[in-house]
Amino acid sequence: MATKAPGADPPETADLGELRSAAAGCRGCDLYRDATQTVFGEGSRAAEIMVVGEQPGDQEDRQGAPFVGPAGRLLDRALDEAGFDRRKIYVTNAVKHFKFKRDERGKRRIHKTPSKTEVVACRPWLHAELTAVRPELLIFLGATAAKALLGDDFRITRSRGERIDLAEYATTAVATVHPSAVLRAPDRDEAYQAFVADLVAARSTR
Ligand code: URA
């Protein structure tokens, strides 16, 4: 008998509440062991736009909501400047548990990039969110999010701000950098303006 590959196993429903409850108990990979909780996407099923980040950060892990920390504040500001209404956007992550390591003193939790296996294990949740929300526009923030659906060959540096047609989900996608990369950039103003320009390009695909 064929055995099922490990990974998330969402119920077949378009009800985001049901999906969220099921995701809370996900054991599709080992990240649930150290994280505080599953951080599921947030927003309305009627949202026309979906933003996909990498994984929850420290604040998101504690609060149980995506993009509520420093990267989220920068994202809110940039979306606003690009002419989007954040309240009408569904926001989620490719991986729904916080992956981290402890600093030398064992105090601070430092972000660790999720592995390909973890991204693949979590992908059924993203697929379920996309199937439920059916956004007209998908915005990927950073390489992990983009590669989760566009494949390993996708390069943000080469294709940021460009329109991509995603036949599988009948939607248009645009990838840009992750807001954390903007926060870390040597010239933060320049990086921020380029980020906003990508979001403006995404908005103009509609
Ligand atoms: N970074 C992400 O990719 N997602 C969040 O929710 C927060 C920080």
### Query
Hey, residue 14 hits all of (1) within 21 Å of residue 181 (Cβ to Cβ); (2) out of contact with any strand residue (DSSP E or B) (no Cβ under 8 Å at 6 or more places or on another chain) but one; which does it fall short on?
(1)
#### Entry: Number of the condition not met by residue 76 [criteria: (1) in contact with a Phe, Trp or Tyr (Cβ under 9 Å, 6 or more places away or on another chain); (2) more than 28 Å from residue 33 (Cβ to Cβ); (3) open to solvent by less than 20 Å² (accessible area, probe 1.4 Å)]
(3)
### Summary
If we keep only residues of region 148-204 that are modelled with pLDDT of 95 or more, of a type in the set (S, T, N, Q) and open to solvent by less than 80 Å² (accessible area, probe 1.4 Å), then the residue farthest from residue 125 (Cα to Cα) is 159
### Query
Say we look at region 53-67 and pick out the residues that are more than 7 Å from the ligand (Cβ to nearest atom) and more than 11 Å from residue 96 (Cβ to Cβ); which of these is least open to solvent (accessible area, probe 1.4 Å)?
65
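State yes or no: is residue 72 closer than 15 Å to residue 130 by Cα and assigned to a helix (DSSP H, G or I)?
When the stated conditions are applied, residue 72 does not pass them.
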### Task
Go over the candidates 43, 72, 57 one by one and state the one that is at positive phi and of a type in the set (Gly, Ala, Ser).
43
### Summary
Scanning region 87-98 for residues that are without any contact (Cβ under 8 Å) to a residue 60 or more places away in the chain and within 16 Å of the ligand (Cβ to nearest atom), the one nearest to residue 145 (Cα to Cα) turns out to be 94
### Query
Which ones in region 75-86 are more than 9 Å from the ligand (Cβ to nearest atom) and within 15 Å of residue 139 (Cα to Cα)?
76, 78, 79, 80, 82, 83, 84, 85, 86
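For region 79-98, give me the residue count where each residue is in a helix (DSSP H, G or I) and open to solvent by 10 Å² or more (accessible area, probe 1.4 Å).
5
The values are calculated or read from the model by the stated rules, or taken from the named source; none is laboratory data. None of these values were measured; they are calculated from a predicted model. Neighbour counts run over all protein chains shown; Cβ positions are idealised from the backbone, glycine included. Side chains included, ligands, DNA and RNA excluded: accessible areas come from the protein's heavy atoms. Shrake-Rupley method; radii C 1.70, N 1.55, O 1.52, S 1.80 Å.
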